[in-house]
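Only one structure is covered here, and it is reproduced in the block below.
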Amino acid sequence: MSPPPPGRTPRKLTDMSELKALTHPIRLRLLYALRANKSMTATQLGDLVDESPASVSYHLRKLAEHGFVKEVENGSDKRQRWWSEANEGGFSWSENDFSDSPESLSVAKASKDSWLAHQWSRLRDFDRTSESWGPEWVAAAFSSDDVLRLTAEEMKTMGTEMRAVIDKWRRHGENATSGEREHAMVLMHGFPTTP
């Protein structure tokens, strides 16, 4: 039996200008759309995120400047520019990498706030429209929380294990040919708290 394919490796962000590029809500929507659909044109993305192709093209160029998206070949259609996510593993950052100045730390926090606002808005959208998905999808959706007693190292290990489970199911969905499939967003957050 061959070993499972390696998990996706996120690109580590350490430059403040990269984080600034990620604080715009349209850019976040474009990144998620490309992650879900692999490659799209500015026109297709504009239809999906309800923005003009010119606006989408501008934001794609800004994302490309920082290596988040890239132009890709798409068969024989040379009339349109196709875009995809530059790193299939996504990216990550830690506030610790931006603690050298108050400005850097402020940008890191603002970028994280933008991502969290986007993620929770997607969850709220599902809650408002859940009946439109049908009873099977409503029954399949889940939310879970718990309060655990962990060390920092244990929480880091748990995060790695949870990422491996997500990667397993991502590969399964990419390779499966049967069943009615939809894009599914899974949010995972782990953080210390005082109960």
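The values are calculated or read from the model by the stated rules, or taken from the named source; none is laboratory data. Just so it is clear, the structure is predicted and the values come from calculations on it, not from any experiment. Because the Cβ atoms are built from the backbone with ideal geometry, glycine has one as well, and the counts that use them run over all protein chains shown. Quick note on the areas: whole protein, heavy atoms, side chains included, nothing else; ligands and nucleic acids left out. Shrake-Rupley method; radii C 1.70, N 1.55, O 1.52, S 1.80 Å.
Quick one: in the range 144-166, of everything that is under 17 Å from THR193 (Cβ atoms) and polar (S, T, N, Q), which residue is modelled with the lowest pLDDT?
SER144
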remark   = If we ask which residues in the range 74-99 are touching a Gly at 6+ places or on another chain (Cβ under 7 Å) and in a helix (DSSP H, G or I), their number turns out to be 0
message = Against the definition (outside any loop (DSSP other than H, G, I, E, B), under 22 Å from ARG27 (Cα atoms) and small (Gly, Ala, Ser)), how does SER104 come out, yes or no?
response = yes
query = Can you name the residue in the range 42-66 that is among the aliphatic types (A, V, I, L, M) and more than 13 Å from ARG29 (Cα to Cα) and is also most open to solvent (accessible area, probe 1.4 Å) among such residues?
reply = ALA54
message = Considering only residues that are in contact with a strand residue (DSSP E or B) (Cβ under 8 Å, 6 or more places away or on another chain) and either crowded, with 16+ Cβ neighbours inside 10 Å or within 20 Å of ARG79 (Cα to Cα) (or both), which ones fall in the range 19-41?
response = LEU30, LEU31, ALA33, LEU34, LYS38, SER39, MET40, THR41
task = Might you let me know whether the range 145-159 holds any residue that is open to solvent by 100 Å² or more (accessible area, probe 1.4 Å) and in contact (Cβ under 8 Å) with a residue 12 or more places away in the chain?
result = yes
task = Check SER76, SER106, SER114 and return the single one that is open to solvent by 60 Å² or more (accessible area, probe 1.4 Å), farther than 13 Å from GLU18 by Cα, of a type in the set (Ser, Thr, Tyr) and at pLDDT 90 or above.
result = SER106
remark   = Within the range 1-23, the count of residues that are within 30 Å of ASN175 (Cβ to Cβ), modelled with pLDDT of 90 or more and assigned to a loop (DSSP other than H, G, I, E, B) comes to 1
key: Subset tally (residues that are at pLDDT 90 or above and part of a loop (DSSP other than H, G, I, E, B)) for the range 24-73   = 7
